[in-house]
Amino acid sequence: MKEKIRHLLEDALPLVDFDSDFLFSELDSLGITTILMLLSDEFGIQLDASDATPRNLRSLDSITAMVEQKL
């Protein structure tokens with residue numbers, strides 16, 4: 001799951017370091033929106049602005065956990 005998400009997001013946001021310990025700090029509003037939209041479409045889950053928190057977008061692991069929780 002984590003590698004699938006990594007591949008999906010790296011293709012859409014090639015300048016973002018998804019190995020960062022604090023990924024949220026590297027994202028602008030467009031990057032955050034892109035991540036939420038891609039994950040919603042790919043996994044058929046409902047993600048909205050309330051999911052765009054530093055905790056959920058802290059790292060690739062936290063993004064993966066958020067997706068798994070929504071599934």
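Quick look at the numbers
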| item | result |
| --- | --- |
| In the stretch 7-50, the residues that are among the charged types (D, E, K, R), under 16 Å from Met66 (Cα atoms) and modelled with pLDDT under 95 | Asp48 |
| Matching residues, the stretch 9-33, being open to solvent by less than 40 Å² (accessible area, probe 1.4 Å) and either in contact with a His (Cβ under 6 Å, 6 or more places away or on another chain) or in contact (Cβ under 8 Å) with a residue 24 or more places away in the chain (or both) | Leu9, Phe18, Ser20, Leu23, Leu27, Ile32 |
| Count of the stretch 42-56 residues which are within 14 Å of Lys4 (Cα to Cα) and open to solvent by 90 Å² or more (accessible area, probe 1.4 Å) | 0 |
| Tally, over the stretch 57-66, of residues that are surrounded by 16 or more Cβ atoms within 10 Å (Cβ to Cβ), over 15 Å from Asp28 (Cα atoms) and not small (Gly, Ala, Ser) | 4 |
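The values are calculated or read from the model by the stated rules, or taken from the named source; none is laboratory data. Because the structure is predicted, anything quoted here is derived from the model rather than measured. Don't worry about glycine lacking a Cβ; one is built from the backbone with ideal geometry, like all the others, and counts go over all protein chains shown. Note: areas computed on protein heavy atoms with side chains; ligands, DNA, RNA excluded. Shrake-Rupley method; radii C 1.70, N 1.55, O 1.52, S 1.80 Å.
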